[in-house]
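Peer 1: After the C-alpha cells below, expect a handful of questions from me.
Laboratory data are not the source of any read-out in this text; all were calculated from the coordinates shown. What you are looking at is a predicted structure, and each value in this text was computed from that prediction instead of being measured. Don't worry about glycine lacking a Cβ; one is built from the backbone with ideal geometry, like all the others, and counts go over all protein chains shown.
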Amino acid sequence: MRIIAKKTAAITEILLDEFGSASKTKIKKLITSGSISLEGKTIKKTETIITEGQTLEYTKYKDNSNKVQAPFKIVFEDEYLVAVIKPAGVLTHGDTGKKSVSLLKVMSDYVKEESRGKKRAFIIHRLDREVSGIILLAKSEEMMQLMKDSWQDTKKLYYALIEGHPEVNEGSIKSWLKESTQQKMVSVEESDDAKFAVTHFRILEKLDAHTLLEVNLETGRKNQIRVHFSEMGCPIVGDRRYGADDTFVRQIRLHAFSLSFTHPVTKELINLESKMPHNFLKLKEEDEKYK
C-alpha cells in the first residue's frame with residue numbers, strides 16, 4: 001500500500017492522518033515492527049520527518065517471534081475452529097488411563113498457549129490411529145456441539161487404496177455394524193445394539209493388483225470404511241486387522257483428503273483439502289515404519 005505525504009510532518013502524524021481509526025500506539029507499533037518503508041528503506045524511528053510529496057510503502061508485517069508454532073500442519077484456523085493434518089500412527093484421542101500422546105492433547109496445548117489460556121481444543125470427530133488426513137477441532141465446547149449437531153451435513157472424502165478390483169466402477173455399501181468380542185467391527189443383522197453404516201465409492205484409478213478409490217462417508221461409524229471393503233473382498237492395503245496381505249508391515253492406505261461444511265457462526269461454506277501422501281501409491285517390498 002502506497003501513502004503519499006500530504007504535508008511535511010513526523011511519520012506518526014502522516015500515518016495517523018492516513019489511518020484515522022488507528023490509535024497512536026498502534027501507529028508506533030506499525031513503524032517499529034518494520035511495516036513502513038521510504039524509498040526502499042525500512043523506517044523504524046517514530047520521530048522521522050517525512051517531506052510533503054514523499055511516498056511511503058506500507059507492508060503488513062508478520063512478527064513470528066512470539067507466534068506459537070503449530071505441532072501439525074494447519075489447513076484452516078479462525079477464532080472458533082482449527083483443522084490440521086493428522087499423520088498416520090497418531091491417536092486422535094488419548095487412551096483412558098494411558099500416557100500416550102494424542103492429537104487432542106497436543107492441539108489443546110497449542111490452542112491454550114495461542115489464546116493465552118483462554119481456550120482449549122475439543123474433538124469434533126475422529127480418525128483411526130492408522131489413518132491420516134484432515135481433523136477438525138473446536139476451540140470451545142459450544143462450538144464443538146454446534147459442529148456435532150450439523151455433522152451429518154458435512155461432506156467427508158477419503159482416498160483408499162484397496163487390494164484387487166471392485167466389480168463396479170462406483171457403488172454403495174450398506175450394513176449394520178457392531179463390535180465383536182474380538183473388538184473388531186463386523187456387519188450383522190439389524191439390531192438395537194448395531195449402527196447403520198453407508199459408504200459410497202468410485203474408482204479413480206486401476207493399478208496392477210490394487211485400485212485407488214474416492215470414498216464418500218455418509219455415516220461415520222468406527223472402522224466403517226475398513227470393514228466395508230474387507231467384507232467386499234477388497235481390504236485396504238496395509239490393514240492386516242481386516243484381512244489385508246500381511247507379507248509386509250505397511251501403513252494403512254486410507255487418507256481423509258477433503259472436508260466440506262457450513263461454518264456455524266459465519267455461515268460460510270468451508271472446503272478443506274489435503275494432498276495425497278507422497279508414499280500412498282508406492283508399495284516397496286519391505287516393512288514400513290511410520291509410528
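Peer 1: With every atom except the alpha carbons ignored, what do you get for Rg and Dmax of the range 147-291, in angstroms?
Peer 2: When restricted to the Cα atoms of the range 147-291, Rg and Dmax are 16.1, 49 Å.
Peer 1: Could you line up Thr12, Thr48 from fewest to most neighbouring Cβ atoms inside 10 Å?
Peer 2: Starting with the residue having the fewest Cβ neighbours, the order is Thr48, Thr12.
Peer 1: If we count other beta carbons within 10 Å of each Cβ, what is the order of Glu205, Glu189, Glu77, fewest first?
Peer 2: Placing the least packed residue first, the sequence is Glu189, Glu205, Glu77.
Peer 1: If you don't mind, there's one more thing I want to ask. Can you list residues whose amide H is under 5 Å from Ala10's amide H, if they're 5+ apart or on another chain and H is modeled 1.01 Å from N?
Peer 2: Ile50
Peer 1: Given N residues in the range 1-64, what is Rg(Cα) / (2.2 N^0.38 Å)?
Peer 2: Relative to the 2.2 N^0.38 Å estimate, the range 1-64 comes out at 0.99.
Peer 1: Once you charge only the Cβ atoms, +1 for Lys and Arg and -1 for Asp and Glu, what is the size of the charge dipole of the chain about its Cα centre, to the nearest 20 debye?
Peer 2: Using Cβ point charges on Lys, Arg, Asp and Glu, the chain gives about 1340 debye.
Peer 1: Search the structure for amide H atoms under 5 Å from the amide H of Ser175, placed 1.01 Å from N in the peptide plane, and list their residues when 5 or more places away or on another chain.
Peer 2: Under 5 Å from the amide H of Ser175 lie the amide H atoms of Ala197, each far enough along the sequence or on another chain.
Peer 1: While we're looking at this one, here's another question. Going down the table (Lys118/Lys178; Lys119/Lys289; Lys86/Lys195; Lys155/Lys184; Lys119/Lys156), which pairs top 31 Å between alpha carbons?
Peer 2: Lys118/Lys178; Lys119/Lys289, as the Cα separations exceed 31 Å there.
Peer 1: Right, another one. Which FRET efficiency value, to the nearest 0.05, is calculated for Lys275 and Phe196 with the Förster distance at 41 angstrom and r the Cβ-Cβ distance?
Peer 2: After rounding to 0.05, the efficiency reads 0.80.
Peer 1: Quick query: amide H of Leu204 versus all other amide H atoms, modeled in the peptide plane; which residues come in under 5 Å with a sequence gap of 5 or more or a different chain?
Peer 2: HN-HN under 5 Å from Leu204: Leu212, Leu213, Glu214.
Peer 1: Counting other Cβ atoms within 10 Å, keep those with at most 11, restrict to DSSP loop, and tell me which chymotrypsin sites (Phe, Trp or Tyr not before Pro) in the range 170-226 are left.
Peer 2: Of the chymotrypsin sites (Phe, Trp or Tyr not before Pro), not one in the loops of the range 170-226 has a Cβ with at most 11 other Cβ atoms within 10 Å.
Peer 1: So what is the calculated 222 nm ellipticity per residue for the chain, using -39500 (n - 2.57) for each DSSP H run with n of 4 or more, over all residues, to the nearest 500 deg cm²/dmol?
Peer 2: For the chain, the value works out to -4500 deg cm²/dmol.
Peer 1: Could you give the Stokes-Einstein D for the chain in µm² per second, using the C-alpha Kirkwood radius, 10 °C, 1.306 mPa s?
Peer 2: Rounded, D is 70 µm²/s.
Peer 1: Pick out, from Val90, Val188, Ser258, the residue whose Cα sits farthest towards the positive end of the charge dipole of the range 74-273, with +1 on the Cβ of Lys and Arg and -1 on the Cβ of Asp and Glu.
Peer 2: Farthest towards the positive end: Val90.
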